[in-house]
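The values are calculated or read from the model by the stated rules, or taken from the named source; none is laboratory data. The shown structure was predicted, so the numbers you read here are calculated from the model rather than taken from an experiment. A quick note on method: Cβ atoms are made from the backbone with ideal geometry, for glycine too, and the neighbour counts reach across all protein chains shown.
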Ligand SMILES: Cc1cc2nc3c(=O)[nH]c(=O)nc-3n(C[C@H](O)[C@H](O)[C@H](O)COP(=O)(O)O)c2cc1C
C-alpha cells in the first residue's frame with residue numbers, strides 16, 4: 001500500500017504531490033487510516049544536547065513547514081521531527097514551479113523561499129500535537145526583512161516557539177532567501193549568536209527550562225570557512241550544529257533535465273559534500289558540541305558513515321521522498 005502511494009505521488013507534479021500528501025497526513029493522523037503509514041518506532045535510544053531521542057533518525061526541516069503532520073511523521077517511526085522553517089509573518093514564497101525532481105540521480109532542486117503560514121500558526125500546531133518524541137522548530141527571517149535586521153526576526157520566532165520546542169534550529173543556510181547565507185560569516189555570525197544566546201538565557205529563566213539552540217549551515221563552505229564558523233559557535237557556546245542544507249553546486253547533475261533550475265540541490269548527489277563538511281566540522285569542533293548530519297543520507301551505509309564522521313543524530317528529506325517510510329526503519333535498525 002505504502003509503495004503504491006509512493007509511486008503515484010512520484011508521478012505527479014512535485015509541489016502538488018507534496019501538498020496532497022501533507023493534507024492527507026494532516027487529516028488522517030488521528031484516525032484509524034493512519035495504519036497505512038504507521039510502523040513501530042525502532043528503539044535505539046540516544047541522548048544528545050540533554051534531549052532523549054528514541055532513535056537517531058529524524059525528519060529534516062522543510063517537509064512539514066507549518067508543523068501540521070507531526071503526529072503522522074511520528075507514527076512512521078522517526079526518532080524526532082523538525083518542523084519549519086517558519087518566519088515571524090506568513091509569506092507565500094517564490095513563484096511556482098519551485099520544486100524539481102531529478103529522478104536519474106534521486107535528487108531534488110527547490111527554491112521554495114520559506115513559504116509558510118507564520119510562527120503563530122506553527123505554534124498552535126505544535127501545541128496540538130501528541131508525538132512523544134522530540135520536536136525541533138526551525139526558524140528563519142522574512143524575505144522583506146533587511147539583512148541587518150535579521151536578528152530581530154529570529155528573536156521574534158525564538159520568543160514564540162521557545163516554550164514548545166525540544167530544540168530550536170537557527171537556519172542561516174537556505175540559498176533561497178537573498179543574503180541569508182551571509183550570516184554564516186565573521187562579525188555578522190558573531191553578533192547574531194550573541195543576540196540569540198542572550199535571549200535564550202532570559203527565556204530559560206522565564207520558562208524554567210533550557211531549550212538547546214542549533215545552527216544549520218550550508219555545504220558550500222571550504223575548510224577555512226568551516227573552521228571559522230566552528231570557532232564562532234564554540235565562543236558563543238551554541239548547543240549544536242546541523243550540517244548541511246542544500247547546495248548551490250550543480251557539478252553532480254550536469255546535463256540532466258532541470259539541472260540548471262535555480263535553488264538548492266539535495267539528495268544522493270549531496271552525500272559526499274555533506275559528509276566532508278561533517279568530517280571537517282568534527283575536526284574543528286573537537287567534540288565541543290554535537291553535530292546533526294543531513295544531506296544525501298539514503299541508506300544504512302550512508303547513515304553509518306555520517307555517524308562515524310562525528311554526527312550524533314541524522315536527518316533525511318530527499319531519500320524519504322524517493323523511498324518512503326520504509327527507509328526510516330531500514331536505517332534505524334542498522335544503526
Ligand atoms: C523541498 C525542500 C524544502 C526544504 N526546506 C527547508 C527549510 O524550510 N528549512 C531548512 O532548514 N531546510 C530545508 N530543506 C533542506 C533539508 O532540510 C535538508 O537539509 C537538505 O535537503 C539535505 O538533505 P537531503 O539530501 O536528505 O534532502 C529543504 C529541502 C527540500 C528538498
Just to be sure before I move on: is residue 282 more than 13 Å from the ligand (Cβ to nearest atom) and in a helix (DSSP H, G or I) in the structure I sent?
yes
Give the residue that is farthest from the chain's Cα centre (by Cα), with candidates limited to residues of the range 221-244 that are modelled with pLDDT under 95 and outside any helix (DSSP H, G or I).
222
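With 122, 63 as the choices, which residue is within 15 Å of the ligand (Cβ to nearest atom) and closer than 16 Å to residue 317 by Cβ? Steps first, please.
Values: 122 fails: closer than 16 Å to residue 317 by Cβ.
Only one candidate qualifies: 63.
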Might you check whether a residue that is more than 20 Å from the chain's Cα centre (by Cα) and assigned to a helix (DSSP H, G or I) occurs anywhere in the range 258-265?
no
Taking residue 40 as the residue in question, decide whether it is within 16 Å of the ligand (Cβ to nearest atom), farther than 30 Å from residue 252 by Cβ and assigned to a loop (DSSP other than H, G, I, E, B).
no
Restrict the check to the range 19-34 and report whether at least one residue is under 24 Å from residue 333 (Cα atoms) and within 16 Å of the ligand (Cβ to nearest atom).
no
When the range 299-335 is checked residue by residue, the ones that are within 13 Å of the ligand (Cβ to nearest atom), crowded, with 21+ Cβ neighbours inside 10 Å and more than 15 Å from the chain's Cα centre (by Cα) are 302, 303, 306, 327, 328, 331
Per-region count, the range 116-125, residues in a loop (DSSP other than H, G, I, E, B) and closer than 14 Å to residue 166 by Cα
0
So residue 308 passes all but one of these: (1) touching a helix residue (DSSP H, G or I) at 6+ places or on another chain (Cβ under 9 Å); (2) without any contact (Cβ under 8 Å) to a residue 40 or more places away in the chain; (3) within 19 Å of residue 79 (Cβ to Cβ). Which condition number does it fail?
(1)
Would you check if residue 56 is closer than 23 Å to residue 293 by Cβ, surrounded by fewer than 17 Cβ atoms within 10 Å (Cβ to Cβ) and touching a strand residue (DSSP E or B) at 6+ places or on another chain (Cβ under 8 Å)?
no
Residue 214, sole failed condition from (1) touching a residue at least 24 places away in the same chain (Cβ under 8 Å); (2) out of contact with any helix residue (DSSP H, G or I) (no Cβ under 9 Å at 6 or more places or on another chain); (3) more than 13 Å from the ligand (Cβ to nearest atom):
(3)
Can you find a residue in the range 245-252 that is within 15 Å of the ligand (Cβ to nearest atom), part of a strand (DSSP E or B) and touching a residue at least 24 places away in the same chain (Cβ under 8 Å)?
yes
Can you tell me which residue within the range 176-198, out of those that are modelled with pLDDT of 90 or more and touching a strand residue (DSSP E or B) at 6+ places or on another chain (Cβ under 8 Å), is farthest from the ligand (Cβ to nearest atom)?
197
Residues in the range 126-150 that are assigned to a helix (DSSP H, G or I), touching a helix residue (DSSP H, G or I) at 6+ places or on another chain (Cβ under 7 Å) and within 29 Å of residue 52 (Cα to Cα) total 2
